[in-house]
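The values are calculated or read from the model by the stated rules, or taken from the named source; none is laboratory data. Note that this is a predicted model, so its numbers are computed, not measured. All Cβ positions, even for glycine, are placed from backbone atoms using ideal geometry, and neighbour counts span all protein chains on display. Ligands, DNA and RNA are stripped out before the accessible areas are found, and what is left, the full protein with its side chains, is counted by its heavy atoms. Shrake-Rupley method; radii C 1.70, N 1.55, O 1.52, S 1.80 Å.
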Amino acid sequence: MAFYQRAYCYLRRKKSKSIVLFSCFLVISTLILCAAMILQTAESVNRSIREKTGSKIILEDRRGQNSISSETVSHLLSLPAVTKINRTASSTAYPADFSPIIKKEGSDPLNLTVTLHSCDNTEIDGLFAQEKYRLLEGTHITDAQDGILINSILAQANGLGIGDTITLETGTGDTASGEIIGIFFSGMERRQEDNVAAAYRIENQLYVDHRMFETLFDADGYCSVSVYTSVPDSLDALREQAEPLVDDFVSITTSDALYQQMIAPLKQVTRVTVLMLALIVTTAVIVVSLLLCMWMRTRAKEMAVFISLGVSKGSLFLQAMTESLTLFVLSVLGATVICGLFARRLMDSLFSTGDLARMTGAHLEPTHLLTLILLGSAIVLIAVGMSVFPTLRANPRDTLARMEG
């Protein structure tokens, strides 16, 4: 009779022991599978956080000049792990068909102009991202949307609204026109002193797209560049790579506060889960080994008889392995059903913190089952080896004599 046939017969004959061992394996398999799902979900959430939190380095000219060249921007884009760049340039211009808000007396050019800020995307950086400016109506300037954002007080004073076109000009006579696509408000406009020049007043800050800015000034530089990366842990390395590309007047700062804030509870969940998984595996080895060792005492005579009849020790070991593995495989099926039913509820309870809950999409995957099978097989191998090895090593004659005595 082959070893697997003997294993099947033994499981049928010892139903109570089989049920106990199966129950033990079911609990172990369910815990391991849950831990594997938690770890992989945490890794998926980590990747999602990296993509969505906007970790970046910020290059900014301390003098406020547009000194960061397009060539530097191209070099920055070619650096590893850089996903996108948000450029900002600033300058003053004269309104051609509307009037700025003027409180200070005098004919200084700064008191007759507005300040233009050109951006790739006004929503993800600067005062809008810091919520110091709020978009009341319309849309932001993006890579796909050109236009002008205007302060609500300036728009009201000149009777302007969404869809209107305004024209700006420089001191050299260059002009450019653009459509108003958004109106914003700060809340600090009324708190400014009257002696502030028009160009510096909040009401006279306009946001325009790069196409319009370059038409006016024929510019090829930027006063600020935000460099985004998909690997927040590499911000320091990215900063070191960017430093040789700029002069001493450009400061470089890192910004990953949101990532660190969101990743903190995730790291805690991961550490606790890894510790739990280690305890589960250790406990499983101890419990299963003790069970098998207790039961192996009653099988010592049986195995000694088999060896005396010419059955190899390797075949007996394979029989014991087959018995345990069969029950373990059945427990894997049971654990899969249990986790499939309750996985969503488990992940929602663990990753219930604000944005983390929206990033979870926990479901059973082949990698989870593979982790369970590998760890479970290792547990079975160690436990069976520890229980069977003393019996197989002993002399069959001594074992039978001891049992008879």
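For Met188 and Ser74, a Förster radius of 25 Å and the Cβ-Cβ distance give a FRET efficiency of 0.10, rounded to the nearest 0.05. Enter the angle in degrees (range 0 to 90, nearest 10) between the Cα long axis of helix 366-393 and the first principal axis of the Cα atoms of the chain, meaning the one along which they spread out most. That helix lies at roughly 30 degrees to the long axis.
Roll a 1.4 angstrom probe over the protein heavy atoms and tell me the percent of accessible area of the chain that is carbon or sulfur. That share works out to 57 percent. In the chain, the DSSP-assigned H stretches of four residues or longer account for a calculated mean residue ellipticity at 222 nm of -18000 deg cm²/dmol, using -39500 (n - 2.57) per stretch and the full residue count as denominator. Report, to the nearest 10°, how far helix 15-52 tilts away from the longest principal axis of the Cα atoms in the chain, using its own Cα long axis and a range of 0 to 90°. It is inclined by approximately 20 degrees. With protein chains left intact and a 1.4 Å probe, residues in the chain average 52 Å² of accessible area per residue.
Which Cα, out of Val82, Gly163, Thr113, lies furthest along the positive dipole direction of the chain (beta carbon charges, K/R +1, D/E -1)? Most positive-ward Cα: Val82. Using bins of 5 Å that start at zero, the share of Cα-Cα pairs per bin across segment 104-151 amounts to 5, 18, 23, 21, 10, 11, 10, 2, 0, in whole %. Computed on segment 6-107, the Cα convex hull volume stands at 275 Å³ per residue. As a length-normalised measure over Cα pairs under 8 Å and 6 or more apart, the relative contact order of segment 134-213 settles at 42 percent.
Shape summary: the chain maps onto an equivalent ellipsoid whose semi-axes, from the alpha-carbon gyration tensor, are 75, 20, 15 Å in decreasing order. Asp125 sits with roughly 20 Å² accessible to a 1.4 Å probe, with DNA, RNA and ligands left out of the calculation.
Specify the longest stretch of the chain that does not include any exposed loop site, a site being one of the trypsin sites (Lys or Arg not before Pro) with a non-H, G, I, E, B DSSP assignment and at most 11 other Cβ atoms within 10 Å. Walk me through the numbers on the way to the answer.
Numbers: sites that count: Arg62, Arg63.
In the chain, the maximal stretch lacking such sites is 64-405.
Each Lys and Arg contributes +1 and each Asp and Glu -1, all at the Cβ; summed about the Cα centre of the chain, the dipole is approximately 4800 debye.
Please give the charge dipole size of segment 124-243, origin at the Cα centre, charges +1 on K and R Cβ atoms and -1 on D and E Cβ atoms. Round to the nearest 20 debye. Don't skip to the end; give the middle numbers.
On the way: 7 positive and 21 negative charges, 104 e Å.
Dipole about the Cα centre, nearest 20: 500 debye.
Relative to the first principal axis of the alpha-carbon coordinates of the chain, what is the inclination of helix 257-308, with its axis defined by its Cα atoms, in degrees from 0 to 90 and to the nearest 10? Value to nearest ten degrees: 10. Accessible-area rank, largest first, for Glu323, Glu193: Glu193, Glu323, with all protein chains present and a 1.4 angstrom probe.
Pairs of Lys residues in the chain, spaced 8 or more positions apart or belonging to different chains, with C-alpha separations under 18 angstrom: 6 in total. Would you mind calculating the relative contact order of the chain from Cα pairs under 8 angstrom and at least 6 residues apart, reporting the percent as a whole number? Reported as a whole number, the value is 28 percent.
Evaluate the Debye formula for segment 72-203 with equal point scatterers sitting on the alpha carbons, no solvent, and hand back log10 of I(q)/I(0) at q = 0.11, 0.22 Å⁻¹, in q order, two decimals. Once normalised to I(0) and log-transformed, intensities are -0.43, -1.46.
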